[in-house]
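The structure appears below as structure tokens.
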Amino acid sequence: MKDGCSIKALILDMDGTIIRMTVDFVTMKERFLDRLAKEPLPSNTLDPKDTMVENLARVRRYYQEHGMGGYFSLLEKDINELMAEVEMLNVRETRKIDGFDEVIRHSRNKGLKIGLLTRGSRRYAQAALHWSGIGDVFDHII
């Protein structure tokens, strides 16, 4: 980076980018599908081959079409809590990737702010950063 460069920050992703992932996505999807299987949905709504996002979109659409959008909001909250629980199962095993310290040091020397963007829950992100020893590095976490 040159002096006068318009770059002001480095935004990093978390899982698999700055830390070694410990989230068991197979278990997460199994629990997700088990939870949704308890709902009064048509049999063709859920497809284990599809992503959780695709499955949840079909559930949302079904509930909205049947005037149950308010209930879907409660279900979505329940699903988010379930996913956050799975995120936490192995979080104590989280470690930073090799080279992380050098990237941060170089970026700070250039005057950059350091941000983190993750799709994980805030609780998981904070715990993963703690256990990997990099919890105090970031200026902003989203």
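Below, the figures for the structure above:
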item: Residue among LEU82, LEU12, LEU89 that alone is in contact with a strand residue (DSSP E or B) (Cβ under 7 Å, 6 or more places away or on another chain) and touching a residue at least 40 places away in the same chain (Cβ under 8 Å); result: LEU12
item: Scan of the stretch 71-89 for residues that are open to solvent by 50 Å² or more (accessible area, probe 1.4 Å), over 13 Å from the mean Cα position of the chain (by Cα) and either of a type in the set (S, T, N, Q) or over 12 Å from PHE32 (Cβ atoms) (or both), ordered by number; result: TYR71, SER73, LEU74, LYS77, LEU89
item: Looking only at the stretch 110-138, and only at residues there that are small (Gly, Ala, Ser) and under 17 Å from the mean Cα position of the chain (by Cα), the one that is nearest to PHE25 (Cα to Cα); result: GLY120
item: Qualifying residues in the stretch 8-60 (those that are in a helix (DSSP H, G or I) and polar (S, T, N, Q)) - the one surrounded by the fewest Cβ atoms within 10 Å (Cβ to Cβ); result: THR27
item: Filtered residues of the stretch 104-142 (kept if in contact with a helix residue (DSSP H, G or I) (Cβ under 8 Å, 6 or more places away or on another chain) and not aliphatic (A, V, I, L, M)); result: THR118, GLY120, SER121, ARG123, TYR124, TRP131, GLY135, PHE138
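The values are calculated or read from the model by the stated rules, or taken from the named source; none is laboratory data. The shown structure was predicted, so the numbers you read here are calculated from the model rather than taken from an experiment. Note that we place each Cβ from the backbone using ideal geometry, even for glycine, and neighbour counts take in every protein chain shown. Keep in mind that these areas ignore ligands, DNA and RNA; they rest on the heavy atoms of the full protein, side chains included. Shrake-Rupley method; radii C 1.70, N 1.55, O 1.52, S 1.80 Å.
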